[in-house]
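Trainee: Please read through the structure below; I'll follow up with questions.
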Amino acid sequence: GVALPVMPLFASELGLSTAEFGLVGSVFGASRLLSNIPLAAATERFGRRPFLTLGPAITAVSMVGTGLAGSLSALLAWRVVTGIGGSAQMTG
């Protein structure tokens, strides 16, 4: 994704270990995977249009949050939101 090239910068700036760095990537993938089916069901119920507009908006806001994260917990939380936003726009 877009954040992948700058993740080593985050790792060094936040002093992350290799395991923590791997967790940041895994949390994104897991949140995207786990939100895919519920969001697909919601798309069937409410239509595609809301998800095609909200998904990119959620992703954009979460990418700003990712860039401003000052701790591992904040970075992980924003990567979860990024995964959900990516899933929302893909299911729409």
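The values are calculated or read from the model by the stated rules, or taken from the named source; none is laboratory data. Bear in mind the structure is a predicted one, so any value in this text is a computation, not a measurement. Reconstructed Cβ throughout: ideal geometry from the backbone, glycine too, with neighbour counts over all protein chains shown. When the accessible area is computed, the model is the full protein with side chains, heavy atoms only, and any ligands, DNA or RNA have been set aside. Shrake-Rupley method; radii C 1.70, N 1.55, O 1.52, S 1.80 Å.
Trainee: Scan segment 19-31 residue by residue and report those that are buried (at least 16 other Cβ atoms within 10 Å of the Cβ) and in contact (Cβ under 8 Å) with a residue 40 or more places away in the chain.
Mentor: Leu23, Val24, Val27, Phe28, Ser31
Trainee: Name the residues in segment 37-74 that are open to solvent by 90 Å² or more (accessible area, probe 1.4 Å), free of Cβ contacts under 8 Å to residues at least 24 places away in the same chain and within 11 Å of Thr91 (Cα to Cα), would you?
Mentor: Listed by number, the residues that qualify are Ile37, Glu44.
Trainee: Another question, if that's okay. Of the residues Leu9, Leu16, Leu34, only one is under 19 Å from Leu75 (Cα atoms) and surrounded by 15 or more Cβ atoms within 10 Å (Cβ to Cβ); which?
Mentor: The conditions single out Leu16.
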